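Comments concern the structure below.
Just so it is clear, none of the values below were taken in a lab; they were calculated from the coordinates. Everything quoted here is computed from the prediction, not taken from an experiment. Positions of Cβ are generated from backbone atoms using ideal geometry, with glycine treated the same way; all protein chains shown enter the neighbour counts.
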Amino acid sequence: MKKILTALLLAAASPLVLAQLEVRDAWIRATVPSAKSTGVFMQLTSKQGGQLVEVRSSVAGVAEIHHMEMDGQMMKMHAVPALDLPAGQNVDLASGGYHVMLMDLKRQLKQGETVPVTLVIRRKGKPAETVVIEVTVKPLTYTPPKGP
């Protein structure tokens, strides 16, 4: 019984290990007081592959996975039902591509605070796994550093 309890406590303390998901450089763009939406950005690597199928956050009424792409001369954004996470490959959620939209915000998000975000990952033939991360709110003018 003690081993099971210890395993459950470790599982609760380290959901990133259980989900076989690495989350790097997660951030949320700060908002002005009247804003009703903002973006969440990060890099994801799934060791065993899978799909990001749902996102939730207590600060928003709605959280969706979105994709931006050019349609002729116009940039368009739309929700997608899932985002593939190929095994061992980095998947960027960044401005101008795939990202998470937090909509119907319940309050202003201010620089320096952290916001809980839940990622739901599904792997073929396995039950969905949830990963809760604390994401830092960056300034409205923040631009992430470029990779090597």
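For region 42-127, the gyration tensor built on C-alpha atoms gives an oblate shape. Its axis ratio a/c (a ≥ b ≥ c) is at least 1.5, and a/b is not larger than b/c. Counting lysine pairs in the chain whose alpha carbons fall under 19 angstrom apart, excluding pairs fewer than 8 residues apart on the same chain, gives 9. Multiplying the residue separation of Ala128 and Asn90 by 0.36 nm and removing their Cα-Cα distance gives an extension gain of 11.7 nm. Across region 56-66, coupling constants 3J(HN,Hα) worked out from phi with the 6.51/-1.76/1.60 Karplus curve, θ = phi - 60°, read 9, 7, 5, 8, 10, x, 9, 10, 9, 7, 10 Hz, and Gly and Pro carry x.
May I ask you to derive the relative contact order of the chain, considering only C-alpha pairs under 8 Å and at least 6 residues apart, and to give it as an integer percent?
On the way: 327 pairs, mean separation 42.4, N = 148.
So the answer I get is 29 percent.
Using only Cα atoms, tell me the angle between helix 2-13 and the longest principal axis of the chain; keep it within 0 to 90° and round to the nearest 10. Roughly 10 degrees, rounded to the nearest 10. Summary: within the chain, the longest segment free of trypsin sites (Lys or Arg not before Pro) located in DSSP loops with at most 14 other C-beta atoms within 10 Å is 48-105. Backbone geometry of region 140-146 corresponds, through the Karplus equation with coefficients 6.51, -1.76 and 1.60 at θ = phi - 60°, to 3J(HN,Hα) couplings of 4, 8, 5, 10, x, x, 6 Hz, x marking Gly and Pro. About its Cα centre, the dipole of the chain is roughly 420 debye, where the only charges are +1 on Lys and Arg Cβ and -1 on Asp and Glu Cβ. Each residue of region 20-26 was assigned a 3J(HN,Hα) from its phi angle through the Karplus expression (A = 6.51, B = -1.76, C = 1.60, θ = phi - 60°), giving 6, 10, 9, 10, 10, 6, 6 Hz with x at Gly and Pro.
Picking from Gly97, Gly39, Ile121, whose Cα lies most toward the positive end of the charge dipole for the chain (charges on Cβ: Lys, Arg +1; Asp, Glu -1)? Final value for the positive-end residue is Ile121. Shown here are the Rg and Dmax of the Cα trace of the chain, at 16.3, 62 Å.
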